[in-house]
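The values are calculated or read from the model by the stated rules, or taken from the named source; none is laboratory data. Keep in mind the model is a prediction, meaning the values are calculated, not measured. Every residue, glycine as well, gets a Cβ built from its backbone with ideal geometry; the counts of neighbours run over all protein chains shown. Each accessible area value is taken on the protein alone, full model and side chains, heavy atoms only, with ligands, DNA and RNA left out. Shrake-Rupley method; radii C 1.70, N 1.55, O 1.52, S 1.80 Å.
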Amino acid sequence: MALRRIFSRWLWPAAFVLPLWLLIGWGISDAGGWAFLWVLFMALPSVLVAQVAFTLLNRARPSVRRSGAVSWLDVAGFGTWHVLTIVVGFFDEGWFGLTLTAAIASALAVLWLQLWQLWREVSPSRLLRDATADAQRTLREEGRHGASWPAGASAQRHPVIVLREDDRPDR
C-alpha cells in the first residue's frame, strides 16, 4: 500500500519532470537541431498533456480518491510508460525508434487502462448495485428487512404529521 501511495503522489510531479528530462536528455546526448525541434514542439507538450490527462482520469476513480493509492495495474502501466519515456530521453540512435514506438504504445495502453478502470468503477450497473447494497444494509440495521414485521407493527417508526390547507388557522 505504501508503494502505491508513493506512486500516486508521483503522478503530478511526473507531468513536469518527464518533459524536463526529455529536454535535459537532448542537451546531454547532443542529438542535434532537428531533435531539439522535435523535443520542443512534439515531445514536451504531448508528454505533459498526456500525463496530466492520465492523472486526472486516475483521480476521477472513487477507489483512488478514497484510498489515496493507485492500483497495481496503474503502477505497472504508468511505470512502464515512465521508464520508456526516460529511455527515449537518452536519444540513442540505435534504439530511439524502437523505444519511441514502445513509449507511444504504452501511453495508449495507459489511456485504455485508465478509461477501463474508471468505467468499471462508475458504470451505471455498479452504481445501482452499490446503492441497493447500501439500502439493504440500512434496512437490516433498522430491523425492517422484507415482510418480517411483527403483527400489528406500523411501517413507520416515527409519527407523521400531515397538514392540509383547511387545518391551518386563518391569519
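General remarks:
- Flag for T101 being open to solvent by 60 Å² or more (accessible area, probe 1.4 Å) and under 19 Å from N58 (Cα atoms): no
- Looking across the stretch 115-166, the residues that are more than 30 Å from G77 (Cα to Cα), at pLDDT 55 or above, open to solvent by less than 100 Å² (accessible area, probe 1.4 Å) and not β-branched (V, I, T) come down to A131, A133, D134, A135, Q136, L139, E142, G143.
- Only listed residue being touching a Gly at 6+ places or on another chain (Cβ under 8 Å) and open to solvent by 40 Å² or more (accessible area, probe 1.4 Å), chosen from W21, W12, W34: W21
- Restricting the stretch 64-75 to residues that are surrounded by 14 or more Cβ atoms within 10 Å (Cβ to Cβ) and small (G, A, S), the residue that is farthest from the chain's Cα centre (by Cα): S67
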